[in-house]
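Heads up, the thing below is written out as structure tokens.
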């Protein structure tokens, strides 16, 4: 429940019939401007957008190299790096946009879900900022922002199906409005990006001359291009479960056991690059892509059976960091072509975490006058926050069986 101060403020907004706004600066602008701030995981991002989606200025500080050396994201390290860089990143975005804080219409910031220590830095900075400059504050759901980014680039009308896949999340949902989602499926254990990263670490790909500066997922994708995916028959444990939820932990365990077996056969210790590393990468990537494709296929059939998508030009949006993987995109292309949907995916730079998508979500909410708060309202971050109304049980109860579709995907 909202605190009484928030309820009072929201009642006041409804009575006025308009979004709250601070006293306007002396100069009149032709477009409303939103500053977006992102610190949900290991990237510190900020951007200034106008209401048409033009990026006026942006800045991003990546922590990738630090976490690569550490073998994974350490929350306290991520927190400290956000703390050290957020002020500079926001200043750079404002300076590059030529926008003074007084000229902003609102500030939008990720408050859920994500790493608690990372979310806290962004929220604390943003609340100080909006109070200092007397600006409205728009709390943003990270996955909602990923889902809506495509609307900044293409005229995509609601409703549409969205598959969000990243290092921390995987879900299928029907986007019916700016803050109206039906959740069809979600991860039951770990996300696909997390699985790929862990496999890459177990394979010691950071020692590979081509992969020393790449994330785990990027390294897997690169080496898979020269691998034989048929050499290893990995599976996911959900072939007989007729729903749209995901599970990748079992796949990771299979790959780990195979790596141990090959290390024994080759007589090498853990931490040594295997001769079959390309084949393991290819088989792992294909299994992840196949699992995502099958769950998405079922979601499409469920949507069609229940009239959840328009009959004319239905759309699947693929977003999130793992959406940058071209092999996975090709797998989803086969499914959309088979089912008569168009597939849209933001460019790779907008699939990963960034301030632009947060600012755009702020623009969308500003237009709809939804979730806009006065600067003096206290907001809490939520490390674990579901997206929309959970319909995964209804999907499972439908027991939709998939027709056979061969994923002939060139590397």
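Note that the chain carries a Kirkwood radius of 22.2 Å, evaluated over its alpha carbons pair by pair. Taken as Cα centroids, region 328-373 and region 276-311 sit 18 Å apart, rounded to the nearest whole angstrom.
Is the C-alpha gyration tensor of region 41-196 telling us rounded, prolate or oblate? Criteria: a/c under 1.5 is rounded; beyond that, a/b larger than b/c is prolate, otherwise oblate. Note, shape of region 41-196 comes out oblate. Each of 143, 257 was scored by other Cβ atoms within 10 Å of its Cβ. Arranged with the fewest first, they read 257, 143. Assign one of three labels to region 184-238, namely rounded, prolate or oblate, based on the Cα gyration tensor with a ≥ b ≥ c the square roots of its eigenvalues; rounded applies when a/c is under 1.5, prolate when it is not and a/b is larger than b/c, and oblate otherwise. It comes out oblate by the Cα gyration axes.
Taking 0.36 nm per residue of separation and subtracting the Cα-Cα distance, full extension of the segment from residue 241 to residue 370 would add 42.7 nm.
Would you mind getting me the FRET efficiency between residue 88 and residue 158? Use the beta-carbon distance for r and R0 = 30 Å, nearest 0.05.
Details: r = 37 Å, r/R0 = 1.23.
Using R0 = 30 Å, I get an efficiency of 0.20.
Counting only alpha carbon atoms, the long axis of helix 116-133 and the longest principal axis of the chain meet at about 20°. Mind pulling the angle between the C-alpha long axis of helix 326-339 and the longest principal axis of the chain? Nearest 10 degrees, somewhere in 0 to 90. Approximately 90 degrees, to the nearest ten.
Counting neighbouring beta carbons within 10 Å and listing from fewest to most, the residues 51, 394 come out as 394, 51. The slack in the chain from residue 222 to residue 31, taken as 0.36 nm per residue of separation less the alpha-carbon distance, amounts to 64.5 nm. Global dimensions of region 264-411 from alpha-carbon coordinates: Rg and Dmax equal 20.3, 64 Å. To the nearest ten degrees, helix 277-305 and the longest principal axis of the Cα atoms of the chain are 60 degrees apart. Can you compute the helix-only [θ] at 222 nm over the chain? Use -39500 (n - 2.57) per DSSP H run of at least 4 residues, normalise by all residues, nearest 500 deg cm²/dmol. Roughly -13500 deg cm²/dmol at 222 nm, from the helical runs in the chain. When peptides 403-411, 358-366, 377-385, 338-346 are sorted by average Cβ neighbour count within 10 Å, with the highest value leading, the order is 358-366, 338-346, 377-385, 403-411. Per-residue extension of 0.36 nm, minus the Cα-Cα distance of residue 326 and residue 207, leaves a gain of 40.5 nm for this segment. The residues 295, 201, when put in order of fewest to most other Cβ atoms within 10 Å, stand as 201, 295. Evaluated over the Cα positions of region 230-287, the convex hull gives a direction-averaged projected area, one quarter of its surface, of 4.3 nm². Averaged over residues, the count of other Cβ atoms within 10 Å places the peptides 168-174, 41-47, 68-74, 218-224 in the sequence 41-47, 168-174, 218-224, 68-74, highest first.
Beta bridges assigned by DSSP with both partners in the chain are antiparallel in approximately 60 percent of cases. Among 317, 389, 277, the residue with the largest mean-square fluctuation in a Gaussian network model of the chain, with springs joining Cα atoms closer than 10 Å, is 389.
Assuming a ≥ b ≥ c are the square roots of the Cα gyration tensor eigenvalues, decide whether region 110-211 counts as rounded (a/c under 1.5), prolate (otherwise, with a/b larger than b/c) or oblate. Oblate is the answer for region 110-211, as a/c is 1.5 or above yet b/c matches or exceeds a/b. A simple spin-label model places the labels of residue 270 and residue 384 2.7 nm from each other, with each point 7 Å out along Cα-to-Cβ.
Taken together, the values in this text are just the output of simple stated rules run on the coordinates, not laboratory data. What you see is a predicted model, and the numbers here were worked out from it, not measured in a lab. Every residue, glycine among them, receives a Cβ derived from its backbone with ideal geometry; neighbour counts consider all protein chains shown.
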